[in-house]
Amino acid sequence: MLKKLLCSQSLYDMRIQTCNNCPHKTKINTCEVCNCILPLKAKFIFSKCPKNKWEKNYMTFDDW
């Protein structure tokens, strides 16, 4: 069941790369805007960046 909530590895990598280049990323890998743990938030399909740098993606693990 958890697998259905996860995004693809390529989408995760794109999101993390975007976060790594963001000025709101803290030294402890959280977001200053939403206070989320970035590696965790980026993995779930329903997650969205509060600054609209990446959006929700409903392609599930089974779709790729």
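The values are calculated or read from the model by the stated rules, or taken from the named source; none is laboratory data. Every value quoted in this text rests on a predicted model; they were computed, and no experiment measured them. A quick note on method: Cβ atoms are made from the backbone with ideal geometry, for glycine too, and the neighbour counts reach across all protein chains shown.
Just give me the residues in segment 13-35 being free of Cβ contacts under 8 Å to residues at least 24 places away in the same chain and in a loop (DSSP other than H, G, I, E, B), in sequence order.
If the condition is that a residue be free of Cβ contacts under 8 Å to residues at least 24 places away in the same chain and in a loop (DSSP other than H, G, I, E, B), then Asn21, Pro23, Thr26, Lys27, Ile28, Asn29, Glu32, Val33, Cys34, Asn35 are the ones that fit.
May I ask you to list the residues in segment 36-48 that are farther than 17 Å from Ser10 by Cβ, in a loop (DSSP other than H, G, I, E, B) and either more than 8 Å from the chain's Cα centre (by Cα) or not charged (D, E, K, R) (or both)?
Passing the criteria: Cys36, Phe46.
Restricting attention to segment 35-62, and to residues there that are loosely packed, with under 11 Cβ neighbours inside 10 Å and at pLDDT below 85, which single residue is farthest from Cys22 (Cα to Cα)?
Per the criteria, the residue is Asp62.
So which pairs qualify, if the first residue must be in segment 43-56 and hydroxyl-bearing (Ser, Thr, Tyr), the second must be not in a loop (DSSP other than H, G, I, E, B), the Cβ gap must be under 6 Å, and the two must be at least 6 apart or on different chains?
Ser47/Lys41
Return yes when Lys4 is touching a helix residue (DSSP H, G or I) at 6+ places or on another chain (Cβ under 8 Å), of a type outside the set (Gly, Ala, Ser) and either exposed (fewer than 14 other Cβ atoms within 10 Å of the Cβ) or modelled with pLDDT of 85 or more (or both) and no when it is not.
Judged against the criteria, Lys4 is a match.
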